[in-house]
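See below for the structure under consideration.
Laboratory data are not the source of any read-out in this text; all were calculated from the coordinates shown. Since the structure is predicted, the reported quantities are computational estimates derived from the model, not experimental observations. No Cβ is skipped: glycine too gets one built from the backbone with ideal geometry, and neighbour counts run over all protein chains shown.
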Amino acid sequence: MRTYPECIPCQVSFALTTAKKAIESEELVGELVLEALGIVLAHGLDHPPPLVAREIGRRVRERTGVEDPYREDKRRHNRLALELYPQLKERVRGAPDPLREALLLAAGGNVIDSIAMGEVDPSEVIPSLFEGEFALDHYGALRDLLPRARRLLLIGDNAGEIVMDRILVEELLRLYPHLQVSYAVRGGPIINDATMEDALEVGMDRLCRLVSTGDDTPGVILDLCSEAFVGDFTEADLVIAKGQGNFETLEGRGDPRVFFLLRAKCPTIGRHLGVQGGALVLFTQG
């Protein structure tokens, strides 16, 4: 997906928030915001927004020496979501269609995002996670393909919601024990996206194979990814791509194997998808 003009204020806001998390110097924060404007200008509107975020994140790390400004946010979100895991699991298993419920939960969990939704406490969000249906709903297509699939790649998005992804993986393996599931995380810290540290913290490694994208883009640009990830992506029979960043970077491929699972957290993404802002989406271009 290309960058829309409405994306530019969000990119500048990301630079400001990230710089302030990394360092207290108002002077350096101001310099970083101005440098971010230069990065936005250099990339223009022809690149997906996550590529711009990658460059802004790298600039903040280089200038402040802080490797992961969102590390404490991610730890807090993971801990709180893990505390709620038993009740989330019980709700999913008690549903008439547990897999559909797990997919809705994983999409709903996408609200835990320090940038797009502000500072969110998962314990306050959880009660609403089971409300609503998919505005774009290709669940039937996914359910039809799962029995024939052998390899499934689930590309994660944020920390915190990775606990909801864990429940989804558990349901997939319970219903389709023949599936070889791989779970992908970012190759380096960027915003509050899940990294290998987060996957290990929530026990994802006890369920399935973990793979890093090998890149710190908050999305998937295959030309920048590791050989291992590209291999998993290429060989997968099905791919479930979580969140806006993965949608923004993979949508243009028109790959029928890819199912996008997300909450349209901003009006621009909603308009692009033809749904209301905040809507839950599960769809494929197949």
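A few notes on this one:
- Cβ-based net charge around residue 28, under 11 Å, with every Lys or Arg adding one and every Asp or Glu removing one: -3
- Calculated [θ] (222 nm, deg cm²/dmol) that DSSP helices of n ≥ 4 give over the chain, each run adding -39,500 (n - 2.57): -15000 deg cm²/dmol
- Beta-bridge orientation, the range 71-284: approximately 20 percent antiparallel, per DSSP, counting only bridges with both partners inside.
- Once the chain from residue 210 to residue 285 is taken as fully extended at 0.36 nm per residue, the excess over their C-alpha distance is 24.4 nm.
- Projected-area mean, the range 7-64, by convex hull of Cα positions, square nanometres: 3.3 nm²
- Sites count as exposed loop sites when they are GluC sites (Glu not before Pro), lie in a DSSP loop, and have at most 13 other Cβ atoms within 10 angstrom; the longest stretch of the chain without one is 134-286.
- Residues 284, 18 in ascending order of nearby Cβ atoms (within 10 Å, fewest first): 284, 18.
- Across the range 162-231, Cα-Cα pairs farther apart than 13 Å form 63% of the total.
- The gain in end-to-end length when the residue 20 to residue 276 segment is fully stretched comes to 89.0 nm, 0.36 nm per residue minus the alpha carbon separation.
- Applying 0.36 nm per residue to the separation of residue 62 and residue 136 and subtracting their alpha-carbon distance, the gain on full extension is 22.6 nm.
- Descending semi-axes in whole angstrom, ellipsoid equivalent of the chain, from the Cα gyration tensor: 30, 20, 18
- By the count of neighbouring beta-carbon atoms within 10 Å, fewest first, 190, 162 end up ordered 190, 162.
- Taking label points 7 Å from Cα along the Cα-to-Cβ direction, residue 42 and residue 175 give a separation of 4.6 nm.
- DSSP H segments from the chain that extend 18 Å or more along their own axis, Cα-based, with Kyte-Doolittle mean of 1.0 or above: 26-43, 162-175
- Pairwise centroid distance, computed over Cα atoms, of the range 213-286 with the range 11-67, Å: 23 Å
- Net charge of Cβ neighbours under 12 Å - reference residue 1; Lys, Arg +1; Asp, Glu -1: 0
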